[in-house]
1. Of all residues in region 51-78, which are touching a helix residue (DSSP H, G or I) at 6+ places or on another chain (Cβ under 9 Å) and in a helix (DSSP H, G or I)?
2. Show me the helices (runs of 4 or more DSSP H) found entirely inside region 79-150 where at least 1 residues are of a type in the set (Val, Ile, Thr) and modelled with pLDDT of 95 or more.
3. Right, GLU52: at pLDDT below 95, charged (D, E, K, R) and either within 30 Å of GLN140 (Cα to Cα) or not assigned by TED's automatic domain parsing to the domain that holds LEU115 (or both) or not?
4. Suppose we keep only residues that are under 19 Å from the mean Cα position of the chain (by Cα) and among the β-branched types (Val, Ile, Thr) within region 122-141. Which one would you say is surrounded by the most Cβ atoms within 10 Å (Cβ to Cβ)?
5. Of the residues SER144, SER148, SER119, only one is surrounded by 12 or more Cβ atoms within 10 Å (Cβ to Cβ) and touching a His at 6+ places or on another chain (Cβ under 7 Å); which?
6. Answer yes if at least one residue in region 81-94 is closer than 18 Å to THR45 by Cα, touching a helix residue (DSSP H, G or I) at 6+ places or on another chain (Cβ under 7 Å) and hydrophobic (A, V, I, L, M, F, W, C), and no otherwise.
7. Check off (1) within 18 Å of ALA57 (Cβ to Cβ); (2) touching a helix residue (DSSP H, G or I) at 6+ places or on another chain (Cβ under 6 Å) for LEU100 and give me the number that stays unchecked.
8. So, in region 58-99, exactly how many residues are on the phi > 0 side of the Ramachandran plot and either under 12 Å from the mean Cα position of the chain (by Cα) or surrounded by 24 or more Cβ atoms within 10 Å (Cβ to Cβ) (or both)?
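The values are calculated or read from the model by the stated rules, or taken from the named source; none is laboratory data. The model shown is predicted, which means the values in this text are computed figures rather than measured ones. Note that each Cβ is placed from the backbone with ideal geometry, even for glycine, and that neighbours are counted across all protein chains shown.
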Amino acid sequence: MTQSQKSNTRTGVAFFCVMRRAVILRKKRMFVENSYNTMGMEIITSKISKQERINMAQHFFGDMVKGVVDVERQTLALDAELHADLETLLLENASQQEHLWGINLYPDIESDDFLEFDSLINIRPAQNNRSRSVENVAIQNHQSINQSIN
């Protein structure tokens, strides 16, 4: 094989690898863009009734509704299989990640235990939150959470 043929072969292989990688990246990007289920996901800006929460619970878990609250913009995204999907929805609607906190609502529970601060998106060592819970009591008692669901 001549030097020219080797060079053309290397160029062809390199081109193939680049094109293959581009196709793979396009496929991954399509998967990421379509990986969260938007069915039922809602951004709530006003109070939501207990009956609405009960209806939402039937979509995925039966007794629980996942939610993400934006404490800065006082909005709440509800009704998805993953908190990360709701977080993405809010981020796409101009929220900032440091203001988003994951919660779970149990509409059938009558006491204050119907609200649970437990989500993987809450783990934020840079914000001194090293657990799945929301450790900051001020955030737990924030009016945007209480006015939307109580």
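1. If the condition is that a residue be touching a helix residue (DSSP H, G or I) at 6+ places or on another chain (Cβ under 9 Å) and in a helix (DSSP H, G or I), then ARG53 is the only one that fits.
2. Those helices (runs of 4 or more DSSP H) span 83-91.
3. Yes: the conditions hold for GLU52.
4. Restricting to residues being under 19 Å from the mean Cα position of the chain (by Cα) and among the β-branched types (Val, Ile, Thr), the top hit is VAL134.
5. SER119
6. yes
7. LEU100 satisfies all of (1) within 18 Å of ALA57 (Cβ to Cβ); (2) touching a helix residue (DSSP H, G or I) at 6+ places or on another chain (Cβ under 6 Å) except (1).
8. 1
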